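To start, the structure under review is shown below, and the notes come after it.
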Amino acid sequence: MQRMQPEPIYLDNNSTTRLAPAALEAMAAAAREFPGNPASQHAAGRLARRHLDELRERLAAHLGVNVTRRPEDEIVFTSGATEANNLALRGLLGPAPSRLLVSAIEHPSVLEVVDQLAAAGHDVVRLPVDERGVVALDVLAAQLKTPTRLVSVMLGNHETGVRQPLGEIAELCRDAGALLHTDASQAVAKTRVHFGELGVHALTLSAHKFHGPCGVGALVLAAGVRPLPMLVGGAQQAGLRAGTESVALPAGLVAALDAVLAVEGVKTEGDAYREVEAKLARLRDAFEAELVAAQPEIVILGADAERLPQTSCVAFEPLERQALFLALDLAGVACSTGSACESGSSEPSPVLRAMGLREGQISSALRFSLSRLTTPAETASAARRILRVYNDLRHRFEATKSAVPATGKTWKKV
């Protein structure tokens with residue numbers, strides 16, 4: 001008799017989210033109704049341009065971006081967060097030698113660019129974080145005493161969810177005359193993100209992190225901040241990103257954000273984001289509490305810091321994360337051993353290493369990430385499955401350990 005597969009529970013929403021029906025419908029409608037090239041001067045092109053401008057204004061309203069009064073902020077649609085981060089770092093830093101400060105816990109789409117910039121002759125400094133995963137502000141202040149072109153610190157971490165004190169960071173950068181970029185990919189649509197209030201000069205976002213389509217994101221730029229373009233060959237997007245502009249992809253992005261506001265009984269955008277954040281935090285906290293109550297050895301990493309509401313990074317000592325990950329996959333729980341961009345690597349998490357955690361915590365950590373569509377029933381069922389798998393693997397680990405004699409050699413049957 002064939003064994004029934006458990007109902008899958010998807011807790012890897014920091015990697016990607018499933019496409020919202022509203023986003024799919026908006027993309028299909030845009031593709032049907034606006035087939036023209038937005039750069040063309042004929043009627044079909046003008047119609048497409050008008051709709052793309054409307055989408056940009058709607059996105060700006062979601063994020064507190066000023067595109068209605070001079071001097072205007074700028075929104076550059078990109079293929080996603082990776083391209084937006086590349087444009088921000090390469091474009092704002094300019095030709096070598098320039099100086100860049102970057103936190104040690106950034107996403108690979110930042111840190112790998114930084115490595116290339118350092119090899120090209122730029123002065124790059126990686127800012128340390130404390131054991132909670134928060135950037136050391138005293139080190140940042142000291143480093144800013146040397147003239148610095150650009151600082152890049154994410155809004156919230158992709159593995160631990162730990163939020164960075166961007167208000168204080170922005171103040172330090174402003175006093176030092178440095179530009180500030182933040183990767184907000186994991187924060188947008190899970191908490192209120194207001195570009196004008198953050199005090200940053202550039203902000204990255206990606207649609208597929210909040211139930212929008214893959215293949216579209218944006219770089220938001222403060223008025224007067226103009227990076228050198230990476231893609232040339234056309235005058236699209238004020239010359240900042242050449243290439244024929246899609247209308248359908250931004251339509252899906254904006255529709256996914258609009259769907260966040262469709263919360264019954266909520267009157268304002270701010271209230272909607274607060275409600276989404278509170279719901280996610282309740283689910284995350286209940287999920288973590290069930291794990292820790294059953295097995296006190298389980299540790300929630302970054303729990304002492306302010307976190308994004310959807311992310312839970314959990315250490316399951318003394319187990320190995322890869323064995324636990326595979327067992328959970330068989331149990332129908334989708335999670336992650338770290339960033340999806342690094343999950344194929346067997347190397348320990350650079351984020352957790354930067355936090356100075358002990359080796360056992362680093363090697364046993366898994367990330368669970370929720371979305372606004374995750375249900376309490378799913379998180380409760382996932383916690384039960386995780387504990388069952390953990391207990392089973394722990395029993396096997398202890399049995400194997402007890403079978404190893406003091407010589408370090410395992411007895412074998414002959």
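Run the paramagnetic zone check for residue 228: 7 angstrom along Cα to Cβ, then residues of region 63-101 with backbone nitrogen under 11 Å. Answer for this model: 90-98. What FRET efficiency do you get for residue 395 and residue 54 if R0 is 45 Å and r is their Cβ-Cβ distance, rounded to the nearest 0.05? In this case the efficiency is close to 0.15. If you take the alpha carbon atoms of region 208-330 and fit the smallest convex hull around them, that volume is 219 Å³ per residue. Bridges between two residues of region 70-221, per DSSP, are antiparallel at a rate of about 45%.
Looking at the chain, the DSSP beta bridges with both ends there are about 55 percent antiparallel.
Close amide H pairs (under 5 Å, H built 1.01 Å from N) link residue 162 with 157, 308, residues at least 5 positions away or on another chain. Computed from the C-beta positions of residue 297 and residue 326 and an R0 of 22 Å, the FRET efficiency is 0.60 to the nearest 0.05. Diffusion of region 1-148 by Stokes-Einstein, at 37 °C in a medium of 0.692 mPa s and with Rh set to the Kirkwood radius over alpha-carbon pairs, works out to 165 µm²/s. Taking the Cα of residue 289, stepping 7 Å toward and past its beta carbon, and measuring to each backbone N in region 378-398: which are under 20 Å? Counting backbone N atoms under 20 Å from the label point, the list is 378-388. Here's the picture: a label point sits 7 Å out from the Cα of residue 214 along the beta-carbon direction, and within region 293-333 nothing has its amide nitrogen under 12 Å of it.
Rounded to the nearest 20, the Cβ-based charge dipole of the chain about its Cα centre (Lys and Arg +1, Asp and Glu -1) stands at 640 debye.
Potential lengthening of the chain between residue 262 and residue 120 amounts to 46.4 nm, from the contour at 0.36 nm per residue minus the alpha-carbon distance. With the helix formula -39500 (n - 2.57) applied to DSSP H stretches of n ≥ 4, the chain reaches a computed 222 nm mean residue ellipticity of -12500 deg cm²/dmol. Counted by Cβ distance under 14 Å from residue 289, the other residues give a net charge of 0, where Lys and Arg count +1 and Asp and Glu count -1. Its relative contact order, with pairs defined as Cα atoms under 8 Å and 6+ residues apart, puts region 21-260 at 29 percent. Hey, if you put +1 on the Cβ of every Lys and Arg and -1 on every Asp and Glu Cβ in region 1-92, which of 19, 65, 77 ends up farthest toward the positive end of that dipole? Checking the options against the dipole of region 1-92, the answer is 77.
Laboratory data are not the source of any read-out in this text; all were calculated from the coordinates shown. For clarity, every value in this text was computed on a predicted model and none was experimentally measured. When we count neighbours, we look across all protein chains shown, and the Cβ atoms used for this are built from the backbone with ideal geometry, even at glycine.
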